[in-house]
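Since the structure comes first, as structure tokens, the remarks are kept for the end.
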Amino acid sequence: MKTNEGAAALARLLEDDSVVVRLARRFRDAGHELYLVGGPVSDAFLGRSFSDLDLTTDARPEQTHELIKPLADAVWLQGIEFGTVGAEIEGVRMEITTFRTERYEPDSRHPDVAFESEIEIDLSRRDFTVNAMAVNPLDKAALDPFSGLDDL
């Protein structure tokens, strides 16, 4: 693992003037949480590059859309029924998904989604422990309730 490079990549992403931190402030000011989650977090710890960001929030999809719309160069809503709003802001592509749980019927690839209010519930549904790691962009605190960093 390239820990030093990964830590540096994550630190740059969490600098006070970064798009992620400014977006997290916007969500906080509206009464919501926003976390960097999944692949970009594990990729940063591995020193790998990443092009898209995954974020998660307690804001409902419609609220997320309203919060990002004034900032976004582009917005896509094809995943909104599953809680995901996509955007490009300042050249950074991201998907912001509402905390959720999901249940699949045996013969379907499409989940039944229930929105949640706690990030730990959202992290518990993720496919791998390394995808269940999150970082709060405002206080830089890492959440790793399933020991993903150990597995990484």
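The values are calculated or read from the model by the stated rules, or taken from the named source; none is laboratory data. Fair warning: this is a prediction, and the values are worked out from it, not measured in the lab. In this analysis, Cβ positions are derived from the backbone assuming ideal geometry, glycine residues included, and neighbour counts consider all displayed protein chains. Keep in mind that these areas ignore ligands, DNA and RNA; they rest on the heavy atoms of the full protein, side chains included. Shrake-Rupley method; radii C 1.70, N 1.55, O 1.52, S 1.80 Å.
Per-residue surface analysis assigns GLU15 an accessible area of about 90 Å², computed on protein heavy atoms at 1.4 Å probe radius. In the assembled protein chains, SER42 presents an accessible area of approximately 10 Å² (probe radius 1.4 Å).
Each residue, LYS69 and ASP127, gets one label point 7 Å from its Cα in the Cβ direction; the gap between the two is 3.2 nm.
Could you please state how large a percent of the accessible area of the stretch 77-152 is carbon and sulfur, counting protein chains only and using a 1.4 Å probe? Summing carbon and sulfur atoms, their accessible area is 48 percent of the total for the stretch 77-152.
Using a probe of 1.4 angstrom and keeping all protein chains present, the accessible surface of the chain works out to 53 square angstrom per residue. Here the convex hull built on the C-alpha positions of the stretch 1-145 has a volume of 112 cubic angstrom per residue. Between ASP29 and ASP139, residue separation times 0.36 nm minus the direct Cα-Cα distance comes to 38.1 nm. Solvent-accessible area of LEU71, all protein chains in place: 70 Å² (probe radius 1.4 Å, heavy atoms, ligands and nucleic acids excluded).
Measuring r between the beta carbons of GLU81 and ARG48 and using R0 = 30 Å, the FRET efficiency lands at 0.45.
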